[in-house]
Amino acid sequence: MSTISRDEVARVAELARIELRPDEIDKLTGDLGVIVESIAQVSEVATDDVPATSHPLPIDNVFRADVPQPALPVEDVLAGAPASEDGKFLVPQILGEE
Amino acid sequence: MTSDVTRLSAAAQAALLRTSEISSVELTRAHLDRISAVEPAVNAFLHVSEPEALAQAAAVDARRAAGEELHELAGVPIAVKDIVVTKGIPTTAASKILEGWVPPYDATIVERIKGAGLPILGKTNLDEFAMGSSTEHSAYGDTRNPWDLDRIPGGSGGGSAAAVAAFEAPLAVGTDTGGSIRQPASVTGTVGVKPTYGAVSRYGLIAMASSLDQAGPVTRTVLDSALLQEVLGGYDPRDSTSIPEALPSPVAAARRGALGDLSGLRVGVVKELSGEGYQAGVRASFEASLDLLRAAGAEVVEVSCPSFGYALGAYYLIMPSEASSNLAKFDGMRFGLRVEPSEGPVTAERVMSATRGAGFGDEVKRRVVLGTYALSAGYYDAYYGSAQKVRTLVQRDFDAAFGVADVLVSPTTPTTAFKLGEKLDDPLAMYLNDVATIPANLAGIPGLSLPSGLSDDGLPVGFQILAPAKADDRLYLVGAALEAALENGWGAPLLAQAPELEVAR
């Protein structure tokens, strides 16, 4: 595994939807290079015969009874929204002009 | 009398309430006064909910006067880490992206705290979204260690630990994803417990890494933690990972442990979690505690957990991966900050990027980008997939170790509290603080840290006890026994040796 390049950091930040200034990208490239190099050692012991664990304890999926439950009042939820109108979240356009 | 009550344990405060020697309003007022006096120096709180706390206290006093049967801790005030949502009280996760947000609902653990009649004093400081080991990543300023105001109080729950250590609150709630309850407890001379994963509901915690996060008690004594775990714990239908069965009583175990007899108990010292990299004064304090356990009748054996050397690496792949997914909800659409791009079209996607660029701090950006990278096409198997396999290996190591020992022990942290700023520019050095606490989170098992004394630098050292999943009672049994033996030697709790804080008048 190679260390992470500046272009890659910029690309991944875009995937993560975090706008970064050029100096932040520089800093992050250095930081992540060191971090990735250090954690890459996990692959040394992660051999094919070891099963993966995604959850700390064995659990089963849980369903609740299919009975309506009271929801939060709309006005309480919208009180914390950056913008709202007619009892709904007001958001920017989802797609660009094109 | 009111000038001294804040020094008492929560159990002792509760006893005064039961015999009506003090009211909850007086007790709560005493803590609010202490908060006003020391907050300029400590900065443990992001928000003090004085009117709400006094109203809750008055309500519990009225219930007591009416002869109602109350919870043992009813009327004893508590502080809550600001990553737990509280209806009507601002909750920020110490992030600019949630500045001023007032949640429309209570976390399950907050409902339980209110149900048991514990007035909530306020919300405590933390590293932004609980990402850090020093509370220096808070967007609202550093919290300072009451033992030495130039040093870190640990993190992410530095606010909760410092509040309890500075006698601003007898009880606090923390959350522990890789050590955020135990490591602050260690460096502030307090007690902190990460319960078994699923023993305490996660509903209403602002999630960092869902398969690792666990809320738990932050207190000054082992018994107080046991009492608080009984308030917080138990099955919650709103958390699908909640354990649907009752666990053995922590309080009964703590009371039994305080009698001091550990005959027949096997204590395993984890070879990989001591020695190299651990401060000499930390090792000496740890060894002295092992002697006390032997004197109490325990058999001390050495165990080896060879995969622990890979636990830190696995953690720093799994945690950021889960965090990058959990933090996707902060998109500037439904709550919190919204920032429009300075130029170009105002689309949802560009608003989201601008909002997160402005609202997230450096460490959050680092982890979200790292997690996105680890999960991205071409890297998933090598990074995230490998980390999940290490998780299996760590669990196998624990299974083998618990085959020969009833509990495992180690120093909680390799060093005592370091200076503010000392590790801020070196993320890897910061991450190493959690090397001894992380394995428990990967395996979902419970862990407790209690103060074992002072290092040669005069700062507190933490002693970590780990038990198998769902055997949280063993932490309390062994913790209470060790605490009793230690305090017998000191003649008082360790915090009695902490310097008096300058108080504002």
Response to the item:
Where a ≥ b ≥ c are root eigenvalues of the Cα gyration tensor, a/c under 1.5 meaning rounded, otherwise prolate if a/b exceeds b/c and oblate otherwise, chain A counts as oblate
Item to complete: Be a star and scan the range B:105-120 for residues whose amide nitrogen sits under 16 Å from the point 7 Å along the Cα-to-Cβ vector of B:R63.
Response: B:109-120
Worksheet item: For the range B:28-43, what does the Karplus curve 6.51 cos²θ - 1.76 cosθ + 1.60, with θ = phi - 60°, yield as ³J(HN,Hα) per residue in whole Hz, taken in order and with x for Gly and Pro?
Response: 5, 4, 4, 6, 5, 5, 5, 4, 4, 6, 9, 4, x, 8, 8, 6
Response to the item:
Quick calc of log₁₀ I(q)/I(0), the range B:369-505, Debye, one scatterer on every Cα, no solvent, q values 0.15 1/Å, result -0.94
Worksheet item: Which of the GluC sites (Glu not before Pro) found in the range B:48-129 are loop residues per DSSP with 11 or fewer other Cβ atoms within 10 Å of their Cβ?
Response: B:E68, B:E69
Worksheet entry | Computed E for B:Y380/A:N61 - FRET, C-beta separation, R0 35 angstrom, nearest 0.05 | 0.90
Response to the item:
Protection proxy (average C-beta count within 10 Å per residue), highest first, orders B:413-425, B:331-343, B:469-481 as B:469-481, B:413-425, B:331-343
Worksheet item: In percent, what relative contact order does chain B have, based on Cα pairs under 8 Å that are 6 or more apart in sequence?
Response: 18 percent
Worksheet entry | Rg/Rh for chain B, where both radii come from Cα atoms and Rh is the Kirkwood radius | 0.96
Fill in: Convex hull volume of the range B:308-391 per residue (C-alpha atoms, cubic angstrom)
101 Å³
Worksheet, complete the sentence: Gyration tensor (Cα only) of the protein assembly as shown to equivalent ellipsoid, semi-axes in Å sorted down, yields 36, 31, 23
Response to the item:
In whole percent, the fraction of accessible protein surface over chain B that belongs to carbon or sulfur atoms, probe radius 1.4 Å, stands at 51 percent
Discussion item. Restricting to Cα pairs below 8 Å that are 6+ residues apart, what does the relative contact order work out to for the range A:1-45? Please round to a whole percent.
Written reply: 52 percent
Response to the item:
the range B:179-219 scanned against label point 7 Å out from B:Y105 along Cα→C-beta; backbone N under 17 Å for B:201-208
Worksheet item: Of all the Cα-Cα pairs you can form in the range A:1-45, what percent are over 12 Å apart?
Response: 60 percent
Worksheet item: Can you give the charge dipole size of chain B about its Cα centre, rounded to the nearest 20 debye, using +1 on the beta carbon of Lys and Arg and -1 on the beta carbon of Asp and Glu?
Response: 740 debye
Item to complete: Return the tail of the calculated pair distribution for the range B:88-138, meaning the percent of Cα-Cα pairs more than 12 Å apart.
Response: 68 percent
Item to complete: Please work out the Cα center distance from the range A:63-98 to the range B:225-246, rounded to the nearest Å.
Response: 30 Å
Worksheet item: Where both partners of a DSSP beta bridge lie in the protein assembly as shown, what percent of those bridges are antiparallel, to the nearest 5?
Response: 65 percent
Discussion item. For the pairs A:K27/B:K329; B:K123/B:K271; A:K27/B:K419; B:K87/B:K329; B:K365/B:K389, flag any whose C-alpha to C-alpha distance is greater than 29 Å.
Written reply: B:K123/B:K271
Practice prompt. Please find the FRET efficiency linking B:S20 to A:L72, where r is the Cβ-Cβ separation and R0 is fixed at 51 Å, and quote it to the nearest 0.05.
Written response: 0.85
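The values are calculated or read from the model by the stated rules, or taken from the named source; none is laboratory data. Owing to the predicted nature of the structure, the values given are computational and were not obtained by experimental measurement. No Cβ is skipped: glycine too gets one built from the backbone with ideal geometry, and neighbour counts run over all protein chains shown. Heavy atoms of the whole protein, side chains included, go into the accessibility calculation; ligands, DNA and RNA do not. Shrake-Rupley method; radii C 1.70, N 1.55, O 1.52, S 1.80 Å.
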